[in-house]
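Following: one structure in structure tokens, then a few remarks.
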Amino acid sequence: MAAATTASISLSLHLRLRPPLPPPRRPARYAAFLLPTPSFLPQRLRLAPCRPTWRPDVRVRAGSSIGALPALARPGGAVETDRLPSDVRDRAMEAVDHFGGRVTIGDVASRAGLQLAQAERALQALAADTEGFLEVSEDGEVLYVFPKDYRTKLAGKSFRMRVEPLVDKAKEVGAYLVRVSFGTALIASIVLVYTTIIAILSSSSTSSSTSSDEDSRGRRRRSYGSTIIIPTDMFWYLDADYYRRRRVEKENGMNFIESVFSFVFGDGDPNDGLEEKRWKMIGQYISSNGGVVTAEELAPFLDVPPPSEESKDDESFILPVLLRFQGHPEVDEQGNILYRFPSLQRTASSKSGGSREYVGTKWSAMFGGVEKYLEEKPWKFSKANAAEKAMVAGLGGLNLFGVIILGNLLKQMTVTPGGLISFAAQLYPLLQIYAGSFFAIPLFRWFLLRKTNNDIKKRNTAREQRAQELLSPDSSLRRKLLSARDMAQRKVITPEEIVYTTEKDLSEQDYEVKEWERRFKELESE
């Protein structure tokens with residue numbers, strides 16, 4: 001009776017766990033990437049060995065089913081990568097290149113500093129457009145594999161990628177023309193203002209008597225000569241100083257005309273791309289330390305207050321990191337709070353390094369080239385050298401003085417002006433605005449930069465102090481760091497661990513049969 005019962009149970013399990021019949025049609029070579037991915041699908045593949053109703057139709061987040069592989073879905077022939085922001089796409093591709101074309105989502109997120117959702121979305125789009133495929137490990141981990149020429153394939157499909165270099169070049173040319181135009185406007189304003197002043201003085205003398213006219217003409221000739229010398233001398237000075245200015249331009253990458261714009265408006269944010277650099281440093285640090293870190297280790301990369309007794313137990317600054325890389329806190333045996341990032345613990349390449357065995361000064365000696373904290377650059381008033389700034393300020397003062405004189409002369413005129421004088425009178429409000437803003441804007445920027453640089457210095461000092469604490473940790477911090485190193489579990493997924501790939505047809509892989517037999521034997525032995 002017992003033998004019959006056992007045979008009945010075995011037959012029942014055999015019938016329940018038998019593999020499904022093969023599909024009537026030959027499946028497609030590559031898995032489909034249906035985008036966007038529904039949010040309720042699981043983030044990782046997990047095979048449940050203890051579930052008796054297990055069937056090998058494992059689903060991946062990309063939207064494909066191993067049991068049935070439809071053709072690659074791109075409605076209307078759309079290029080999925082074109083829907084990504086340019087910086088996300090470029091950073092993801094740089095990470096793929098760094099790891100040799102075989103990556104996990106954590107690899108791309110840590111290397112590029114992207115959110116896990118952004119990294120996954122970028123990998124799905126790249127794989128859909130470049131004939132990439134998926135690999136599944138024994139533990140259910142998903143890897144994205146790209147052909148060596150995936151960039152060429154993507155460039156051939158994406159019109160946006162072909163146009164972007166031209167657009168960027170046009171932006172650079174436009175920015176250069178704006179800088180040059182502003183500097184040229186200063187020269188044009190000086191010439192117009194002083195030429196108009198001369199014309200007004202010349203026209204006002206025609207209504208005087210003959211004798212007074214002759215004396216006045218003599219005075220005007222002297223005045224004319226002294227007035228016209230100013231712009232003439234200015235251009236002669238510019239021409240005589242041409243070779244020196246060209247030498248300065250080669251050394252500093254800026255000519256005199258550009259230095260006018262630089263003096264008034266500055267040269268842009270010196271910390272452009274700081275956030276991207278910040279998250280790259282944080283992601284790579286977490287990944288290289290096995291996915292388990294302390295709050296003190298991430299403080300040198302974040303905006304934190306200086307170390308003090310009040311801020312000693314405050315670790316709220318790590319919340320953005322937990323949200324970005326989907327980490328969670330854990331408490332070790334000693335009661336220390338550590339932070340684990342499971343997605344950054346699994347990698348497809350050993351390039352990202354291993355867990356750091358040492359802490360404190362020993363670690364500093366081993367990794368001397370590693371940036372120990374995020375340092376912001378202070379803002380500069382202008383990249384122009386001292387001589388160029390003095391010359392620009394002098395010409396600006398000359399222009400402002402001329403505009404004031406021209407305004408007084410226009411008020412004193414009793415006849416209706418014509419020709420050049422009428423043209424200058426119509427443009428006079430713009431000349432006033434230009435001449436006034438030429439010094440008002442730099443003065444405002446100077447006060448603003450003082451406060452901005454003071455704040456930057458405070459943040460840099462706080463981050464540097466936090467980094468120094470890691471170089472010379474006290475006993476409690478050292479134990480905490482060593483505990484984090486002990487809990488690190490960095491997993492490198494090797495090709496030998498791959499049990500399924502969408503690169504091959506389902507009929508070419510014996511994954512289902514082997515997995516079914518193994519699980520059936522496990523259940524039978526219980």
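The values are calculated or read from the model by the stated rules, or taken from the named source; none is laboratory data. Because the structure is predicted, anything quoted here is derived from the model rather than measured. Cβ sites come from the backbone with ideal geometry, for glycine too, and all protein chains shown count toward neighbours. In case anyone asks, the SASA skips ligands and DNA or RNA and just uses the protein heavy atoms, side chains included. Shrake-Rupley method; radii C 1.70, N 1.55, O 1.52, S 1.80 Å.
Observations, loosely collected:
- Qualifying residue in segment 497-512 (condition: modelled with pLDDT under 85, open to solvent by 70 Å² or more (accessible area, probe 1.4 Å) and not in a helix (DSSP H, G or I)): yes
- In segment 355-384, residue least open to solvent (accessible area, probe 1.4 Å) [restricted to those that are modelled with pLDDT under 90 and either under 24 Å from Met254 (Cα atoms) or among the aliphatic types (A, V, I, L, M) (or both)]: Val359
- Residue check for Leu427: more than 25 Å from Val264 (Cβ to Cβ) and touching a residue at least 60 places away in the same chain (Cβ under 8 Å): no
- Residue within segment 427-437 that is open to solvent by 20 Å² or more (accessible area, probe 1.4 Å), of a type in the set (Val, Ile, Thr) and closer than 30 Å to Lys377 by Cβ present: no
- Pairs are defined by a Cβ separation below 9 Å, a sequence spacing of at least 6 or placement on different chains, a first member in segment 377-399 that is more than 17 Å from Phe182 (Cβ to Cβ), and a second member that is of a type in the set (A, V, I, L, M) and in a loop (DSSP other than H, G, I, E, B); the pairs so defined are Asn385/Met254.
- Residue selected from segment 253-275 under the condition over 25 Å from Phe447 (Cβ atoms) and part of a helix (DSSP H, G or I), by the criterion modelled with the lowest pLDDT: Phe256
- Pairing residues of segment 304-330 that are under 18 Å from Gln115 (Cα atoms) and polar (S, T, N, Q) with residues that are assigned to a loop (DSSP other than H, G, I, E, B) and open to solvent by 40 Å² or more (accessible area, probe 1.4 Å), at Cβ distances under 9 Å and at least 6 apart in sequence or on separate chains, gives Gln326/Gln43; Gln326/Gln115.
- Within segment 117-135, the set of residues being hydrophobic (A, V, I, L, M, F, W, C) and open to solvent by 10 Å² or more (accessible area, probe 1.4 Å) comprises Ala117, Phe133.
- For Val96, the stated conditions hold: it is open to solvent by less than 10 Å² (accessible area, probe 1.4 Å) and either among the charged types (D, E, K, R) or touching a strand residue (DSSP E or B) at 6+ places or on another chain (Cβ under 8 Å) (or both).
- Residue within segment 304-323 that is within 25 Å of the chain's Cα centre (by Cα), modelled with pLDDT under 90, open to solvent by 20 Å² or more (accessible area, probe 1.4 Å) and within 26 Å of Ser475 (Cβ to Cβ) present: yes
- The single condition from (1) in contact (Cβ under 8 Å) with a residue 60 or more places away in the chain; (2) over 30 Å from Phe301 (Cα atoms); (3) hydrophobic (A, V, I, L, M, F, W, C) that Leu449 fails is (2).
- Filtering segment 186-204 to residues that are open to solvent by 40 Å² or more (accessible area, probe 1.4 Å), closer than 19 Å to Ile433 by Cβ and either in contact with a Phe, Trp or Tyr (Cβ under 9 Å, 6 or more places away or on another chain) or touching a residue at least 12 places away in the same chain (Cβ under 8 Å) (or both) leaves only Val191.
- Taken over segment 481-491, residues that are open to solvent by 50 Å² or more (accessible area, probe 1.4 Å) and within 32 Å of the chain's Cα centre (by Cα) amount to 3.
- Of all residues making up segment 276-294, the number that are among the polar types (S, T, N, Q) and either part of a helix (DSSP H, G or I) or within 21 Å of the chain's Cα centre (by Cα) (or both): 3
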